[in-house]
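See structure below.
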Amino acid sequence: MTTAQKLSFDVQLTDHARTVAEREQVLANPGFGQHFTDHMISVDYTEGVGWHDARLLPYGPLTLDPATSVFHYAQELFEGLKAYRQANGSIATFRPFANAARFNASALRMAMPELPEETFVESLELLVQTDREWVPTTEGHSLYLRPFMIATQAALGVNYPSRAYKYMVIASPAASYFSGGVKPVSVWLSTEYTRAAPGGTGFAKCGGNYAAAFVAQRQAVENGCDQVVWLDAVEHRYVEEMGGMNLFFVFGNKLLTPALTGTLLPGITRDSIITMAGDLGLEVAEGRLSIEEWQAGCESGELTEAFACGTAAVITPVGTVKGADRGWTIGDGTPGPVTLKLRDELVGVQYGARPDTHDWVHKIC
Ligand code: PLP
Ligand code: COI
């Protein structure tokens with residue numbers, strides 16, 4: 001029943017929108033995830049009824065019973081994608097149906113209801129159209145869209161999943177995720193903590209994965225690194241992904257990225273890069289790489305570059321690697337040509353400066 005119903009959104013515009021001057025002040029220096037637009041989306045779900053009360057509302061706080069399930073058992077999931085101001089002034093998102101599909105894959109794992117893909121995309125369109133003035137025009141900036149779903153039944157029992165949920169979308173103008181722009185990041189190998197184990201929730205974009213990651217991310221920062229790199233749960237040797245990004249390794253004109261074993265997030269940027277790299281005549285393999293192979297490859301000069309990729313991070317070079325008992329530099333520590341070429345191609349398609357040969361760009365307005 002949840003996939004068949006066609007929802008129509010009730011639109012309630014805010015009567016306290018930020019002034020043009022206030023908005024411009026935010027857009028001059030948006031940072032990442034710190035400022036939000038004037039509106040938000042809210043759709044409710046009740047078991048036996050399905051999705052209902054689809055609304056565009058003024059952005060604002062929620063009032064929830066302290067017994068609400070999400071506060072106790074973290075039955076929650078989210079997505080992340082961006083709206084890009086196109087070269088011709090229009091606004092588009094990138095592969096939103098891929099986010100919709102991943103949202104539903106996460107929902108199935110978290111015993112939450114699927115949202116019809118059209119409703120997911122329609123909710124993004126409505127929010128972006130309404131708050132279109134918040135889509136930055138500065139080069140490299142975008143409007144980050146954060147759809148999410150929480151369990152809203154007020155009950156503490158764990159004998160059955162929540163019988164009520166709320167889907168929401170908020171939007172936040174964004175500059176680069178890393179303040180240094182395309183500056184290479186340093187990474188910390190987490191051998192002490194595990195992000196995801198076989199059979200767990202690694203492939204789902206659920207908040208709990210991130211909650212469990214903060215201790216290692218803090219350790220990375222305490223060790224002078226920007227980001228944590230997760231290793232496999234069994235041997236703590238094979239590279240999986242980073243805090244909010246997938247990883248690629250470059251061996252001359254060959255790329256290697258960790259295979260989707262179920263313990264890492266199937267990134268949409270990762271998937272796009274695999275296709276784009278093929279278009280550019282690069283060979284791409286999905287496999288595995290141990291930290292020993294990573295280090296040896298850099299020392300022999302065979303492994304020439306490494307980069308992280310994700311919606312927020314786009315494509316970010318990795319410059320140095322550090323662990324409890326080792327550390328090395330990748331190449332000469334500066335962004336490599338393959339990384340920069342792929343970044344240029346991807347950003348070119350996302351912002352409408354290059355042809356969209358795979359039909360990835362979804363025009364909104
Ligand atoms: N891995 C993790 C853990 C993430 O949070 C993200 C960000 O969404 C990614 C990878 C990259 O995914 P995508 O390219 O779809 O943004
Ligand atoms: C994204 O790239 O959308 C992410 O989810 C990364 C992070 C902000 C969680």
- Straight-line reach from LYS6: which lysines have a Cα under 27 Å away, not including same-chain ones fewer than 8 places off? LYS82, LYS166, LYS205, LYS363
- Could you work out the local net charge near ASP44, counting Lys and Arg as +1, Asp and Glu as -1, over the other residues with Cβ closer than 10 Å to its Cβ? +1
- Message: Which lysines, if any, have their Cα less than 25 Å from the Cα of LYS254, not counting same-chain residues under 8 positions apart?
- Response: LYS183, LYS322, LYS341
- With springs only between Cα atoms under 10 Å, which of SER290, SER190, SER300 fluctuates most in a Gaussian network model of the chain? SER300
- Task: Determine, from the Cβ-Cβ distance of ASP65 and ALA212 and an R0 of 22 Å, the FRET efficiency 1/(1 + (r/R0)^6), rounded to the nearest 0.05.
- Result: 0.30
- Message: I need the trypsin sites (Lys or Arg not before Pro) found in the stretch 122-169, filtered to DSSP loop residues with at most 10 other beta carbons within 10 Å of theirs.
- Response: none
- Task: Scan around VAL318 for amide H atoms under 5 Å from its own, H built in the peptide plane at 1.01 Å from N, and keep only partners 5 or more places away or cross-chain.
- Result: VAL185, ALA306, PHE307, ALA308
- Task: Output ³J(HN,Hα) for the stretch 164-171: one whole-Hz value per residue in order, computed from phi by the Karplus curve 6.51 cos²θ - 1.76 cosθ + 1.60 with θ = phi - 60°, and x for Gly and Pro.
- Result: 9, 9, 10, 9, 9, 9, 10, 9
- The local net charge around GLY89, scoring Lys/Arg +1 and Asp/Glu -1 for residues other than GLY89 whose Cβ lies under 13 Å from its Cβ, equals +2
- Item | Cβ charges +1 (Lys, Arg) and -1 (Asp, Glu), total dipole of the chain, debye | 220 debye
- Item | the stretch 1-61: GluC sites (Glu not before Pro) falling in loop per DSSP and having at most 15 other Cβ within 10 Å | GLU47
- Taking the Cα-to-Cβ direction at VAL221 and at HIS236 and moving 7 Å from each Cα, how far apart do the two end points lie in nm? 2.3 nm
- Would you mind checking which residues have amide H under 5 Å from GLY243's amide H? H placed 1.01 Å from N; only 5 or more apart, or other chain. VAL228
- Query: How large is the charge dipole for the stretch 185-350, taken about the Cα centre, if only the Cβ atoms of Lys, Arg (+1) and Asp, Glu (-1) carry charge, to the nearest 20 debye?
  - Reply: 380 debye
- Message: Run the numbers for TYR73 and SER300: contour at 0.36 nm per residue of separation, minus the present Cα-Cα distance, in nm.
- Response: 77.0 nm
- Message: Which one, PRO147, MET112, SER186, projects farthest toward the positive side of the charge dipole computed for the stretch 105-241 from Cβ point charges (K/R +1, D/E -1)?
- Response: MET112
- Neighbour-limited loop hits for GluC sites (Glu not before Pro), the stretch 227-335 (at most 11 other Cβ within 10 Å; DSSP other than H, G, I, E, B): GLU235
- Message: Let me check I've understood the local charge: for THR138, count other residues with C-beta under 12 angstrom from its C-beta, Lys and Arg +1, Asp and Glu -1. What total comes out?
- Response: -1
- Output the relative contact order of the chain, whole-number percent, from Cα pairs under 8 angstrom with separation of 6+ residues. 18 percent
- Item | Angstrom value of the Kirkwood radius, inverse mean 1/r, which spans all Cα pairs in the stretch 1-114 | 17.2 Å
- Taking placed amide H atoms and a strict 5 Å upper bound, the residues 5 or more places from LEU255 or on another chain that come that close are GLU283, VAL284, ALA285
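Coordinate-derived values only; no laboratory data. All values derive from a computational prediction rather than experimental measurement. We place every Cβ from the backbone using ideal geometry, glycine too, and count neighbours over all the protein chains shown.
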